[in-house]
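Readers should treat all values here as calculations from the given coordinates under stated rules, not as data from a laboratory. Since we're looking at a predicted model, the values are computed, not measured. A quick note on method: Cβ atoms are made from the backbone with ideal geometry, for glycine too, and the neighbour counts reach across all protein chains shown.
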Ligand code: WT7
């Protein structure tokens, strides 16, 4: 056992239990994961844990024979033991907007909406798109889908109509839930109008039979007769009970789109049984869950973090979740600290971007708040620097809270590598240790396993319950993306370094994916959007280090005609094709891109030049036109 488990100081409970889990999961995985399945309510208990196989056609198969409904594990069983316990506390961004839902009330609301959906013709296996800000109805909508066996597809509020249309078409959604208008500080986001524009663009928009509009601000929005319905009006007509659809463990619970190294977003498919076990298990172990916790995961529900740690994990474990609609420092700095104090939040799970932004504020902001309810802090989505980690620990945690840096991905369903609170000693800046049952492995570029201390491609040697099953309607792409780089392993797309005692440090993506403030953006998506600007012949997007956002996007653009080029048009093309959140930091206009003689863009060079990292550019003789490098260097220096 790595010595690290014997945790001085940080460990409040005996670490033995965690060690036992690591060993049992390693030595008897079938028995261990069947035992963990008892965390859920099953209509029929599964006969097997994993029948997964990373070779051949690649099968991710968990809990065969098991029948369950995710909403029963999150709601019904708690009704029997703790109906009046608070399930969800919601605060709106306007002062005084607050709602507290007990398990009984949450169950009723979920059932009413589930009944609406059934009445509107949604059937088991249909996709339902959810396009809502952080209001209770977002959580309710996800659970209502689960209740009737519909597959939810939560869509980010920042997507452009084009981005939404692509995902609506790919999923084949039959029903959409959107807001009238969403609030983001002073800004108003026209959710319904954006959705209307998206539906107009879908060639097969006719598959969407209805749009349910949640009145978030109560603004007047255009409603298309027959198709568009007022959410409040519809749910009021329904009964507060609804039978839960029996689902096979492997039936999909949801699709979630994420970016990869090609232009088309991938709809990752998560099954019901395995995902739910992973959500419950990781929430309990990583955050040392206690029944008295008020758990606040600040992620938007349109990210996997929001799925697993706003909704499914804490509710499966009978916890109380905090849902806050607004920004960290609006209308005044320290707003989130006030949310923590007002509601007695005990676990606060956020992103390094939020921590970095808070660090830049006057220290009186955080010091003037009590924050004494907190016992555990966590971050996710990007690496956290040791400096930010210590600030988080000292200033927010006041030196008394366990801090967990959690590494995972949309594809993994839940946390994979972390210093589980009060069980594993954290190391500032390191993701730390794989959870029980996670067989992290480093491979070198020849696919040989790296032993002991070293660096390599981060892979998983064995399936875990939270693993995505496939890419929606494209299993070949699933296999190609994750199981061909390192045959026999799941390849994460990240690089990592491991210390001799087993601690992992994530070094970042090794593919063409950029992480801007925790937003995962495929550079190919950016380039595809820019290609719609007719003034541009070609472009290349790369990520560079950014103080606040972690990474920033830089694009190199080759205009069709020298001197005829409008950077605004490029920004507009990106905003329209992807979303405003992906608009580049900087645009360099160049006469050509560095390419190999076979015409492949040498991104490694662009990344280094854009980051002003000009030493050791490597061998340039393989370039078709080595002179282009001098032009690029001169340009970035001139525009520094
Ligand atoms: C990518 C996955 C996990 C939910 C949110 C992001 C990066 C994630 C960490 C971390 C360093 C991290 C990786 C990963 N990442 N967490 N703690 N330290 N990097 O999910 O959008 O699927 O992105 O985010 O590069 O591959 P996602």
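General observations
- Over the chain, DSSP H runs of length four or greater, each weighted -39,500 (n - 2.57), average out per residue to a 222 nm ellipticity of -8000 deg cm²/dmol.
- The average projected area of region 1-156, computed from the convex hull of its Cα atoms over all directions, is 14.5 nm².
- Residue exposure sequence - 289, 307 - by fewest surrounding Cβ within 10 Å: 289, 307
- Our summary gives the chain a relative contact order of 13 percent, counting only alpha carbon pairs under 8 angstrom and 6 or more residues apart.
- Counting every other Cβ atom within 10 Å of each residue's Cβ, 505, 330, 62, 472 order from fewest to most as 330, 505, 472, 62.
- Taking one quarter of the surface of the convex hull spanned by the alpha-carbon atoms of region 193-235 gives a direction-averaged projected area of 3.3 nm².
- Region 160-219: C-alpha gyration tensor shape, a/c 1.5 cut-off, then a/b vs b/c: prolate
- Order of 268, 34, 132 under a 10 Å beta carbon neighbour criterion, fewest first: 34, 268, 132
- Once C-alpha pairs closer than 8 Å and six or more residues apart are averaged by separation and normalised to the residue number of region 425-493, the relative contact order reads 28 percent.
- For region 492-547: rounded, prolate or oblate by the Cα gyration tensor [a/c cutoff 1.5]: prolate
- Normalising the average separation of contacting C-alpha pairs (under 8 angstrom, six or more residues apart) by the number of residues puts the relative contact order of region 516-638 at 23 percent.
- When both region 194-228 and region 414-457 are represented by their alpha-carbon centers, they are found 45 Å apart.
- Long-range tail of P(r) for the chain (Cα pairs > 37 Å, %): 35
- Note on region 516-638: the C-alpha convex hull projects to 7.5 nm² when averaged across all orientations.
- Counting DSSP beta bridges with both ends in the chain, the antiparallel % (nearest 5): 60
- Overall form of region 224-302 per C-alpha gyration tensor (a/c, 1.5; a/b vs b/c): oblate
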